[in-house]
Structures are given as structure tokens and as C-alpha cells.
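Here's the structure, in C-alpha cells; my notes come after.
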Amino acid sequence: MKPDLFQSPDYYLLDDLLSEEHKLVRDAARAWVKKEVSPIIEEYAQRAEFPKQIVKGLGEIGGFGPYIPVEYGGAGLDQISYGLIMQEIERGDSGVRSTSSVQSSLVMYPIWKYGNEEQRMKYLPKLATGEWIGCFGLTEPDFGSNPGGMVTNFKDMGDHYLLNGAKMWISNAPFADIAVVWAKNEEGRIHGLIVERGMEGFSTPETHNKWSLRASATGELIFDNVKVPKENLLPNKSGLGAPLGCLDSARYGIAWGAIGAAMDCYDTALRYSKERIQFDKPIGATQLQQKKLAEMITEITKAQLLTWRLGVLRNEGRATSAQISMAKRNNVDMALTIARDARQMLGGMGITGEYSIMRHMMNLESVVTYEGTHDIHLLITGMDVTGFPAFK
Ligand code: TGC
Ligand code: FAD
């Protein structure tokens, strides 16, 4: 793969809106990605293998629980710093950002928000350093966009719960130490349970043959009469709103992350357009290629503004779930369009692993699907503005 020459586009001087701490956090994440991710990621993606050696460094740059309080091992940062870290990680690879998102927003967040003090102290510090890796089990084979229909269930057996069912498409599952699993009790109410590797009847087979997120491990979670200790139930929130609350945090991070992937594709295509000569002039001197680049930088700038404003609203506790849906949907779609155009701009070279673009493009096909599909987020916006849920 070519050396990482990335230069971040900032067309509207948005750095002026960031604090010194934001810039320090962002620059540290950027430097780490250049040093630890860019040189190896193509090879791991080609081999369909998660680069486990980067886990410790991810913890060190605040990639695990950036906004979780310091007393639990988190970095205690604000929502804009969290977003900037996600942007930089996904600039390297969406699969690496997935590992970070799942650990931070789908495992640490519910333990922090819905767990008790013993659970926080037991799990969060080890998750913050990456000593333990977690995964999040919501999706089932027959319930993807409609998680409320889930059939995974647990029964109260007096001194423990008995968990049965299966989850599918679970990021980090094959090597996770713990899983935050959403299941229905005997009354049909959804609760979160912490399931630990090694519990009898719990297995995590890996999902193979993915053409997307190849550097992220995906798997199933199978529960065959798993005895879960009662102290592993998250006590402070139940109902579908509990897992959906975690998704708000993860979808917000993805909205920033997608900008990172888009920036990398734009930056690569811009550089290539100045170097690649056809018909005796750089392809960047042609109107058709300039149209692509001009539209890319326009869309990146709009997405940066949208996301920065959303970060301010999150810091103030005023961001709505529907606003987060809009940003996730817009920014991932924007990144996918840019990746496709950038790939074309590189001609034949665009399909090779010499450049990051095709890997970003394939990764984004998962990002546009997980955490709520493109269509589901459109329906969330539609419901928000009309008041009519069109899902059912
Ligand atoms: P609905 O009746 O609308 O809502 C049920 C309850 O949930 C509340 N709620 C929310 N709470 C917090 N945050 C949100 N975003 C919320 N959205 C809804 C709602 O107020 C209600 O509460 P209550 O107290 O009245 O019961 O639910 P519904 O069944 O009609 O479904 C709504 C819909 C379709 C929007 C929702 O199911 C949905 O978002 N579906 C998409 C599923 C999804 O995103 N799955 C993601 C799985 S995890 C994943 O993909 C990880 S990838 C990780 C990586 O690698 O990065
Ligand atoms: P479906 O829900 O079957 O949707 C199929 C199509 O129908 C989509 O285009 C959808 O938009 C459309 N559709 C569905 N309902 C409607 C409707 N009412 N109106 C109009 N169109 C509709 N899940 C987890 O729980 N944890 C994870 O860690 C996790 N990681 C993932 C990693 C990867 C690589 C992938 C691909 C997925 C992951 N997921 C995870 C699952 C992901 O959240 C689901 O794939 C996603 O929510 C969509 O569900 P589905 O695949 O079952 O598609």
C-alpha cells in the first residue's frame, strides 16, 4: 500500500470552532492512525483478519469510552472529542472504528448508564484499556430492522437466569470476552444481560465470506441454556428504549466516522488527479474530474458542519434521536458516494489495494446498513416531521 500522505481538508476553517483540547485529541488519534493502522490495514483486510495488536493503542488514544468518566477508566472527554476520535479512526478503516464504537457506545455505555456500581467497577476499567473486549447482541436472524420482535429470552430460575436464543451479525463476537445481550423475560420485557465467555452453552461462531469490514471480526452469539448469574442483569433500564439509547451514541460516532472515510477518499483522489497525466495534462485539469472533486469537498464541508452542530447539541444534552438519525444517514450516504466517485477517478488503480479507496467503499456498504439502514433512518426522519410511523 502507498505511504499515508493524508492531509485533512478544512475548507470552511472549522478548526476555529474546536478547542485546544479537541485539536490535541484529534491530532493524537491522527498520528496514531498514520503510525499503527495505515501501514498494516490493507494486509489485514485482504486476509479478513482483525489486527489484535492495535487494541492497546486504541485504548491509549481514547478509542474505548472517550466520554466515560475518568473514575471508571474512560477518557472523560466531551462529545466533540469523541466524534473527532471516531473520524480519525475511520479515516484509517471503518472496521477498526467498529471495534471502537461497539466497545464504547454499545458495551461501556449501557454498563455505565444502565448498570449498578459493582458492574461499572468490575467491567469498565478493563474495557477502557482493551484488556477486555465486548460485543453487543441485538440483531437476530429474523429481527434486524425490527429488533422489538426478538425471540431470545431468559427465565428466572430462582438463583440464576436461563438464557436461550441466537444473535447474528455481531461485531467483535468471535473474540469478545463479554457480550451485552438483549433478551425478553417471561413477561416479554426486554432487558440487558452481561454474558461472559466461558459460560456453559455460550458460543460465538465467526461469520466468513464478507466483502466488507474485512478487518473487523463478525459472528453469531448462540445461547443454549446459558446460566447467567442474577447480578449480570443491567438493573436500571428495560424495554426497547434501552438498546436504542445505546444506538444513539454509536450512530452519532458513525456520523463523524463516515466523514473520516470520505476525507481519505477525497484526499487520495485529489492527489492522484494532480499526478496522473492523460492527454498530456493532469486529469485534475479536466472539467469532469473537477466536478467530482468540487462536489466531494462541498459535501464533506456540509457534513462537517452538520456533525459539529450535533456535537454541540449533544454536549448541551439537547440532541434528539431523530437529529442523530439524520446525521448518520446523510454522512454515510455522502461518504459512500464520494468513495464510488473517488474510485472511478483512479481508473484501474482504484480497484487495487495500493490505495485505500476500494476498501473504504466496501466497508461503507456495511456502515450504511448497520446501526439502522439508510431506509430506516429516512423513516425515522419521516416519522419525526409528520408524526406518523411508517414502519408497520
Ligand atoms: P418504537 O415503538 O418507536 O420505540 C420503542 C421504545 O424505544 C424508544 N426509542 C428510543 N429510545 C432511545 N433512543 C432511540 N433512538 C429511540 N427510538 C425509539 C421509544 O420512545 C419507545 O419507548 P417506550 O418507553 O415508549 O417504550 O419502536 P419500534 O419497534 O417501532 O422501532 C423503531 C425503529 C424501527 C426506529 C427501531 O427499531 C430501529 O431503530 N431499528 C433499527 C435497528 C438497528 O439500528 N439495529 C442496530 C443493531 S446494533 C448494530 O448494528 C451495531 S453495528 C456496530 C458497529 O460495528 O459499529
Ligand atoms: P432487514 O431488516 O431484513 O432489512 C432488509 C431491507 O429491508 C433493508 O434495505 C431495510 O432498509 C428494508 N426495510 C426493513 N424494514 C423496512 C420498512 N419497515 N420499510 C421499508 N424498508 C424496510 N447488530 C448487532 O446487534 N450488533 C452488532 O455488533 C452488529 N454488527 C454488524 C456488523 C455488520 C458487518 C453488519 C452487516 C451488521 C451488523 N449488525 C449488528 C446488524 C445490523 O444492525 C443489521 O444488519 C441492520 O439493522 C439491518 O437488519 P437486517 O440485516 O436484518 O436487514
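In table form, for the structure just shown:
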{"item": "Flag if Glu187 is within 16 Å of ligand 1 (Cβ to nearest atom), in a loop (DSSP other than H, G, I, E, B) and acidic (Asp, Glu)", "result": "yes"}
{"item": "Any hit, region 265-273, residues being open to solvent by 40 Å² or more (accessible area, probe 1.4 Å) and modelled with pLDDT of 95 or more", "result": "yes"}
{"item": "Residues within region 167-179 that are in a strand (DSSP E or B) and either more than 12 Å from ligand 2 (Cβ to nearest atom) or on the phi > 0 side of the Ramachandran plot (or both), tallied", "result": "2"}
{"item": "Helices (runs of 4 or more DSSP H) contained in region 84-166 and holding at least 2 residues within 15 Å of ligand 1 (Cβ to nearest atom) and either in contact with a Ser or Thr (Cβ under 6 Å, 6 or more places away or on another chain) or at pLDDT below 95 (or both)", "result": "94-101"}
{"item": "Count of residues meeting criterion [assigned to a helix (DSSP H, G or I) and open to solvent by 40 Å² or more (accessible area, probe 1.4 Å)] in region 298-336", "result": "15"}
{"item": "Residue match in region 16-25 (condition: farther than 30 Å from Ala176 by Cβ, open to solvent by less than 40 Å² (accessible area, probe 1.4 Å) and not in a helix (DSSP H, G or I))", "result": "yes"}
{"item": "Condition check for Val96: among the β-branched types (Val, Ile, Thr) and surrounded by fewer than 21 Cβ atoms within 10 Å (Cβ to Cβ)", "result": "no"}
{"item": "Per-region count, region 376-392, residues assigned to a helix (DSSP H, G or I), within 10 Å of ligand 1 (Cβ to nearest atom) and open to solvent by 40 Å² or more (accessible area, probe 1.4 Å)", "result": "2"}
{"item": "Single unsatisfied condition, Phe202 versus (1) more than 10 Å from ligand 2 (Cβ to nearest atom); (2) out of contact with any helix residue (DSSP H, G or I) (no Cβ under 6 Å at 6 or more places or on another chain); (3) open to solvent by 50 Å² or more (accessible area, probe 1.4 Å); (4) on the phi < 0 side of the Ramachandran plot", "result": "(3)"}
{"item": "Candidates Glu295, Glu354, Glu365 - the one that is part of a helix (DSSP H, G or I), over 23 Å from the mean Cα position of the chain (by Cα) and acidic (Asp, Glu)", "result": "Glu295"}
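So that you can scan it fast, the table gives a plain yes or no per residue for (1) within 18 Å of Asp10 (Cα to Cα); (2) in contact (Cβ under 8 Å) with a residue 12 or more places away in the chain; (3) within 16 Å of ligand 2 (Cβ to nearest atom):
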site: Gly241; (1), (2), (3): no, no, yes
site: Gly245; (1), (2), (3): no, yes, yes
site: Ala261; (1), (2), (3): yes, yes, yes
site: Tyr266; (1), (2), (3): yes, yes, no
site: Pro282; (1), (2), (3): no, no, no
site: Thr307; (1), (2), (3): yes, yes, no
site: Gly311; (1), (2), (3): yes, yes, no
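The values are calculated or read from the model by the stated rules, or taken from the named source; none is laboratory data. What you see is a predicted model; the values in this text were computed from it and never measured. Cβ atoms come from the backbone with ideal geometry, glycine included; neighbour counts cover every protein chain shown. For the accessible areas, the whole protein counts, side chains as well, though only heavy atoms, and no ligand, DNA or RNA atoms are used. Shrake-Rupley method; radii C 1.70, N 1.55, O 1.52, S 1.80 Å.
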